[in-house]
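Notes follow the structure.
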Amino acid sequence: MQKNFDVIIIGAGAAGLMCGIEAGKRNKKVLIIEHTSKIAEKIRISGGGRCNFTNLYSNNENFLSKNNHFCKSAFSKYTQNDFINLFKKHKIDFHEKKLGQLFCNNSAKDIIEMLINECEMQNVKIKIDTKVKSIVRKGNLYTLKTANENFLCSSLVIATGGLSIPKIGASDFGYKIANQFDLKVTKLYPALVPLTFQDNTLEFCKSLAGISVEATVKINKTIFNEGLIFTHRGISGPSILQISSYWKPGNEIEVNLSPQNSMDEILKERRKKTPKQNISNVISDFLPNKLALAITNLLNTKQKIGEASNETLNKISDFINKLRVLPTGTEGYKTAEVTLGGIDTSEIDSSTMECKKYSGLYFIGEVIDVTGHLGGHNFQWAWSSGYAAGQNV
Ligand SMILES: Cc1cc2nc3c(=O)[nH]c(=O)nc-3n(C[C@H](O)[C@H](O)[C@H](O)COP(=O)(O)OP(=O)(O)OC[C@H]3O[C@@H](n4cnc5c(N)ncnc54)[C@H](O)[C@@H]3O)c2cc1C
């Protein structure tokens with residue numbers, strides 16, 4: 001048996017649900033197909049359960065893409081304020097944590113409930129536990145086969161997201177469909193992901209697992225200044241997740257563990273003023289005790305500061321202010337928040353999200369080569385691209 005819809009969306013995540021709602025408002029008969037038993041799982045687990053659902057300052061500068069201007073059109077159609085207004089309509093309370101990042105006061109589940117309510121209001125059908133086995137395009141129509149039913153639609157939207165966190169439903173479906181239709185896909189990498197090390201650096205990180213500092217991290221001209229935390233596998237925290245999107249194997253990262261302080265000047269001054277103090281005690285005025293001790297152990301500088309040569313103090317200040325580290329890898333898609341890369345933006349119309357080569361075929365959200373910084377930008381892209389397609393399907 002074959003069921004007909006105007007619009008079929010594959011993937012019931014942030015982008016797919018937004019697209020469904022908007023298409024529904026235009027009286028389109030909409031079906032959303034989800035292959036897992038739960039919709040919008042990434043919304044549920046995001047932002048520590050409170051979902052950092054947008055960012056007040058989101059703009060194309062917060063995104064990595066082969067074409068950094070591609071996202072502008074969708075952002076101008078549906079802004080942060082539009083999503084905030086949806087929140088207000090549903091009386092969901094939220095707050096700004098820092099740097100324009102907006103979070104739910106209560107729970108990310110409030111957003112999922114809001115999206116489900118909106119889908120119901122617009123008569124959008126959602127089918128869970130359903131796997132699409134094949135897609136065939138004939139004329140301007142798309143036929144989808146699942147285990148039990150066939151579906152026909154004139155607009156097919158691929159909203160299956162990226163590869164991160166496979167255990168909650170991530171799949172390579174969108175990229176495979178791109179392949180089937182001979183669309184270019186840029187190289188894919190795990191991004192917003194902790195970095196890993198081996199050998200001595202790993203041992204150093206392991207011994208400090210759980211210790212955090214405010215740090216500046218830098219690759220070439222890209223720089224982030226946020227928290228850094230040592231882990232059992234290497235380093236993580238917001239600054240590291242951010243820089244990971246710019247990191248490629250073989251790249252060194254410059255880390256400043258105490259960006260507010262010029263340790264070179266401070267150590268030399270303290271050598272004069274408090275020569276009897278142990279170096280580690282001096283450093284622990286600026287860094288956590290355990291880190292200060294680990295640094296002096298590693299550099300073999302356990303003496304009193306008054307006995308330290310310029311060379312010794314330079315070695316310490318370089319370690320703190322200009323540490324260069326060479327990660328051996330990342331924790332991969334198992335823990336990455338997003339996938340860097342995706343459907344090449346040159347294949348897609350930036351104002352409608354429709355594929356340039358195939359009318360009626362759309363891609364939205366993370367599956368496209370548009371990857372946001374940490375801080376609510378990725379969800380804003382999901383809302384905006386979902387909205388843009390929703391106006392056109
Ligand atoms: C742990 C974590 C925390 C995050 N926190 C934030 C945050 O606070 N703020 C922020 O902006 N971003 C955050 N992100 C990123 C954000 O979740 C994603 O960028 C966003 O969800 C992408 O939306 P999407 O709709 O494109 O894809 P998704 O939300 O991934 O939705 C895709 C949907 O498609 C389904 N699907 C996949 N394959 C198939 C298939 N073959 N058939 C049918 N359905 C399929 C999936 O099960 C899923 O439901 C976080 C990500 C993770 C992993």
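Odds and ends about this structure:
- Any hit, the stretch 86-96, residues being within 15 Å of the ligand (Cβ to nearest atom) and surrounded by fewer than 14 Cβ atoms within 10 Å (Cβ to Cβ): yes
- Residue satisfying all of: in the stretch 48-65; of a type in the set (Gly, Ala, Ser) and within 12 Å of the ligand (Cβ to nearest atom); surrounded by the most Cβ atoms within 10 Å (Cβ to Cβ) among these: Ser58
- Selection within the stretch 141-187 - surrounded by 15 or more Cβ atoms within 10 Å (Cβ to Cβ) and either of a type in the set (Lys, Arg) or out of contact with any strand residue (DSSP E or B) (no Cβ under 9 Å at 6 or more places or on another chain) (or both): Lys145, Ile165, Gly169, Ser171, Asp172
- Count of residues meeting criterion [more than 18 Å from the chain's Cα centre (by Cα), surrounded by fewer than 21 Cβ atoms within 10 Å (Cβ to Cβ) and not hydrophobic (A, V, I, L, M, F, W, C)] in the stretch 321-343: 4
- So Thr312, is it more than 16 Å from the ligand (Cβ to nearest atom) and buried (at least 16 other Cβ atoms within 10 Å of the Cβ): yes
- Filter result for Lys272 (open to solvent by 60 Å² or more (accessible area, probe 1.4 Å), in contact with a strand residue (DSSP E or B) (Cβ under 6 Å, 6 or more places away or on another chain) and more than 21 Å from Asn225 (Cβ to Cβ)): no
- Condition met for Gly375 (within 16 Å of the ligand (Cβ to nearest atom) and not assigned by TED's automatic domain parsing to the domain that holds Glu252): yes
- Only one entry of Ile39, Ile45 meets the criterion of being within 7 Å of the ligand (Cβ to nearest atom), under 14 Å from Lys109 (Cβ atoms) and in a helix (DSSP H, G or I), and that entry is Ile45.
- When residues of the stretch 98-127 are limited to those that are assigned to a loop (DSSP other than H, G, I, E, B), modelled with pLDDT of 95 or more and open to solvent by 20 Å² or more (accessible area, probe 1.4 Å), the one nearest to the ligand (Cβ to nearest atom): Ser107
- Inclusion of Phe363 among residues that are surrounded by 24 or more Cβ atoms within 10 Å (Cβ to Cβ), aromatic (Phe, Trp, Tyr) and either near the ligand (Cβ under 8 Å from one of its atoms) or modelled with pLDDT under 95 (or both) is not warranted.
- When the criteria are applied in full, Ser76 fails the requirement of being in the same structural domain as Ile368 (by TED's automatic domain parsing), open to solvent by less than 30 Å² (accessible area, probe 1.4 Å) and either within 26 Å of Ala191 (Cα to Cα) or in a loop (DSSP other than H, G, I, E, B) (or both).
- Those residues of the stretch 340-367 which are part of a strand (DSSP E or B) and under 26 Å from Gln122 (Cα atoms), in sequence order: Glu354, Cys355, Leu361, Tyr362, Phe363
- Of residues in the stretch 368-382 being out of contact with any Asp or Glu (no Cβ under 8 Å at 6 or more places or on another chain) and farther than 17 Å from Asn67 by Cα, the one most open to solvent (accessible area, probe 1.4 Å): Phe379
The values are calculated or read from the model by the stated rules, or taken from the named source; none is laboratory data. Not measured: the values here are computed from a predicted model. Neighbour counts are summed over all protein chains in view; Cβ atoms, including those assigned to glycine, are modelled from backbone coordinates with ideal geometry. With ligands, DNA and RNA removed, areas are computed over all heavy atoms of the protein, side chains included. Shrake-Rupley method; radii C 1.70, N 1.55, O 1.52, S 1.80 Å.
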